[in-house]
Amino acid sequence: MSGATIRVLIVDDSVVIRRLIKEILDADNRIEVVGVAHNGQVAIGKVEELKPDALTMDIEMPVMNGVEAVRALRKTHPRLPIVMFSTLTERGASATMDALAAGASDYVTKPANVGSVMESRQNIKEQLIPKLIALTGARKLVGTRTPIPPAQPPAGVSRAPGTPRRTQPFGLLAIGSSTGGPDALATVLASLPGDLPVPVVITQHMPPVFTKMLAQRLDSISRLSIVEAAEGDAVERGKVLIAPGGLHMEMKSKGTGVFVHLSDAPPENFCRPAVDVMFRSVAAVYRNRVLGLVLTGMGRDGAAGAGVIRSAGGEVFAQDEASSVVWGMPGATVMAGQADRVLPIEQIAPTVAAALIQSQGASTRQAAGPVTGGVRA
């Protein structure tokens, strides 16, 4: 990042939207709008000319749309933060997934029918500015990172990291992610074996409609069955359940099974769904048989829940800083001493698969069901 301010290029074919975004960003003294472009082709030239720290990019534009522009820019600027603008529609969600797959850093949603200009302005401000700050901060830190100390056990848990301690097989893999998560999830899930011995539950910070599209995209590249979770869904081996946008996802035991419970309880960490909610619930049901995974994302969601998982005797892995788009969530988990292992994204799938499969030999007498009240259900 150059200078004391974040230099932003706005790319949108709408004069009204360009003006709106510029007014919002100009009002923040941490940000300087250095230029505008009305399509992707013009944007590519202006990136070379103006050397911005970040871009905002519309998707639907003439000549060259946002997805095509992202693909072209990633060839020459692999780490330049690009935030897409998307509508809260199925078409908008699908196009946003294409942009993220092409290399976009994140996205901001704009309501399809906004009641007032003031509401639209506030919506964009609350989403866009924190993302620009987080993404440009992550880029600035590349090459200046300090080594991460080994994770330490949380209070009340007496074990050295890396010490074999599995007395029961893992019963569940729980994953939390946010900014950069769709791409990280694709990398991990595409490499997990189809005969994974445990079910997988995921909370990715996304709005409604987007999580359904995410599940469909991930299902198309994975050997596991991946769906957006619904109330009462069974948590079963071979199935991956993604929390639906706008609802917390919890696990509840009933009889010999475990089932999904969705809740519209207040947001936690400004998020719904929240990773902490899911992590607490899986620790309550599966006790010491949870393997948690915290991937790239803004904020601290998941760090407290990781502590609950480890206090119950489970384990938590975290994505490393170098491979994270934003090292907020995994970084908070590591710095709190709640990560057993810190791994680059390309090592996560084989390491997780090995841990899950090897744990099955920890106790040949234990089934893969939940533990309720200290007794196997």
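The values are calculated or read from the model by the stated rules, or taken from the named source; none is laboratory data. Because the structure is a prediction, the values reported are computed rather than measured. Please note: Cβ atoms are built from the backbone with ideal geometry, for glycine as well, and neighbour counts cover all protein chains shown. Note: areas computed on protein heavy atoms with side chains; ligands, DNA, RNA excluded. Shrake-Rupley method; radii C 1.70, N 1.55, O 1.52, S 1.80 Å.
Database remark: amide H of PHE85 closer than 5 angstrom to the amide H of MET57, ASP58, ILE59, VAL108 (H placed geometrically; neighbours at sequence offset of 5 or more, or on other chains; Pro and chain starts carry no H). Over 21 Å between Cα atoms: which of LYS131/LYS212; LYS22/LYS110; LYS46/LYS75; LYS22/LYS51; LYS22/LYS212 fall into that group? LYS131/LYS212; LYS22/LYS212, as the Cα separations exceed 21 Å there. Estimated from the Cβ-Cβ distance and a Förster radius of 41 angstrom, the FRET efficiency linking GLU126 and ASP219 is about 0.85.
For the stretch 1-117, the Cα gyration tensor yields ellipsoid semi-axes of 20, 18, 12 Å (square root of five times each eigenvalue, largest first, whole Å).
The accessible surface of the chain, taken with every protein chain in place and a 1.4 Å probe, is 54 percent carbon and sulfur.
What percent does the relative contact order of the chain come to when contacts are Cα pairs within less than 8 Å and at least six residues apart?
Rounded, it is 14 percent for the chain.
The calculated FRET efficiency for ARG79 paired with ILE357, based on their beta-carbon distance and R0 = 25 Å, is about 0.15.
For the pair LEU88 and ASP28 in one chain, pulling the backbone fully straight at 0.36 nm per residue adds 19.0 nm over the alpha carbon distance. Residue order by solvent-accessible surface for GLU126, GLU228 is GLU126, GLU228, largest first, with ligands and nucleic acids left out and a 1.4 Å probe.
The angle separating the long axis of helix 275-286 from the principal Cα axis of greatest extent in the chain is about 10 degrees.
When the chain is treated as a GNM with alpha-carbon contacts under 10 Å, the residue of PHE210, PHE170, PHE259 showing the greatest mean-square fluctuation is PHE259.
When GLU315, GLU346 are compared by accessible area at a 1.4 angstrom probe, the order from most to least is GLU346, GLU315. For the chain, the longest principal axis of the alpha carbon atoms and the long axis of helix 90-102 meet at an angle near 90°. Shown in residue order for the stretch 321-331 are the 3J(HN,Hα) couplings computed by the Karplus curve 6.51 cos²θ - 1.76 cosθ + 1.60 at θ = phi - 60°: 5, 4, 9, 8, 5, 9, 8, x, 5, x, x Hz (x for Gly and Pro). Taking a ≥ b ≥ c as the square roots of the eigenvalues of the Cα gyration tensor, an a/c ratio of 1.5 or more together with a/b no larger than b/c marks the stretch 260-338 as oblate.
Annotation note: trypsin sites (Lys or Arg not before Pro) in the stretch 35-94 located in DSSP loop regions with a Cβ neighbour count of at most 14 within 10 Å are ARG79.
Our helix-only sum for the chain, with -39,500 (n - 2.57) per DSSP H run of n ≥ 4 divided by its residues, gives a mean residue ellipticity at 222 nm of -11500 deg cm²/dmol.
Considering only ARG30, ARG289, ARG217, the mean-square fluctuation computed in a Gaussian network model of the chain, springs between alpha carbons under 10 angstrom, is largest for ARG30.
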